[in-house]
Amino acid sequence: MGVMNILVLQASPNLRGSTAILAEEFARGAREAGHKVTRVDVDRLSIAPCTGCVACGYEGPCVQRDDMDGLRKQILAADMLVLATPLYYYGMTAQLKTVVDRFCSANSSITGRRLRSALLTVAWNADDWTFDALEAHYNTLVRYLHWQDCGRVLGYGCGSTGMTRATGYPQAAYELGRGL
Ligand SMILES: Cc1cc2nc3c(=O)[nH]c(=O)nc-3n(C[C@H](O)[C@H](O)[C@H](O)COP(=O)(O)O)c2cc1C
């Protein structure tokens, strides 16, 4: 794989939190490997939930005019999408789910790109089942959207930036990016 255009969807509202630490370490590694990395802080965009009108017919203009117009273009210009999210009630944040639901109007285009993907996530809990639901969802998205999974960093016991920095997960995120 040559130089990739990598889009990191950073989905914590804390722009300098634990998710951001993993996202930045991943980006540092991927840039060192020669790739172009763009981080988007999804919380700072104005993106409304899908209304389910299906005027788009699952591929076509969305009736909603908001920041998804620009983000959709960025997604369709990317070779790889990185979902970076803290665990919120055992799933991705609502900010990220809102973006994923809005894939609706570009469903075939996104699927057709055969994007590479990765998952970066952090949680307070450290039980072995902490990420079961999020992983199941991510795995299902990979399968349905014909993504090529390049790996994941599941940050158990990363409840604060101090906790996160004391773990090996930032290094794991760096190595995931560096190895691309
Ligand atoms: C609304 C909310 C829901 C959360 N739900 C969970 C959870 O289900 N399991 C868990 O282990 N941690 C949960 N947490 C803790 C966060 O995942 C954790 O503090 C994480 O480090 C926050 O990442 P950030 O610094 O990138 O925002 C939750 C935190 C918030 C604010």
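Structure data summary
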{"quantity": "Point-to-point label distance, Ala55-Arg31, nm (Cα→Cβ direction, 7 Å offset)", "calculated": "4.0"}
{"quantity": "Contact order relative to length of the chain, as percent, for alpha carbon pairs under 8 angstrom and 6 or more apart", "calculated": "31"}
{"quantity": "In region 1-91, the trypsin sites (Lys or Arg not before Pro) that fall in loop regions by DSSP, at most 14 other Cβ within 10 Å", "calculated": "Arg16, Arg65"}
{"quantity": "Antiparallel bridges, percent of DSSP beta bridges restricted to the chain (to nearest 5)", "calculated": "10"}
{"quantity": "Ordering of 53-60, 92-99 by packing [mean C-beta count within 10 Å, highest first]", "calculated": "92-99, 53-60"}
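No lab work stands behind these numbers, since they all come straight from the coordinates. Quick caveat: nothing in here was measured; it's all calculated off a predicted structure. In this analysis, Cβ positions are derived from the backbone assuming ideal geometry, glycine residues included, and neighbour counts consider all displayed protein chains.
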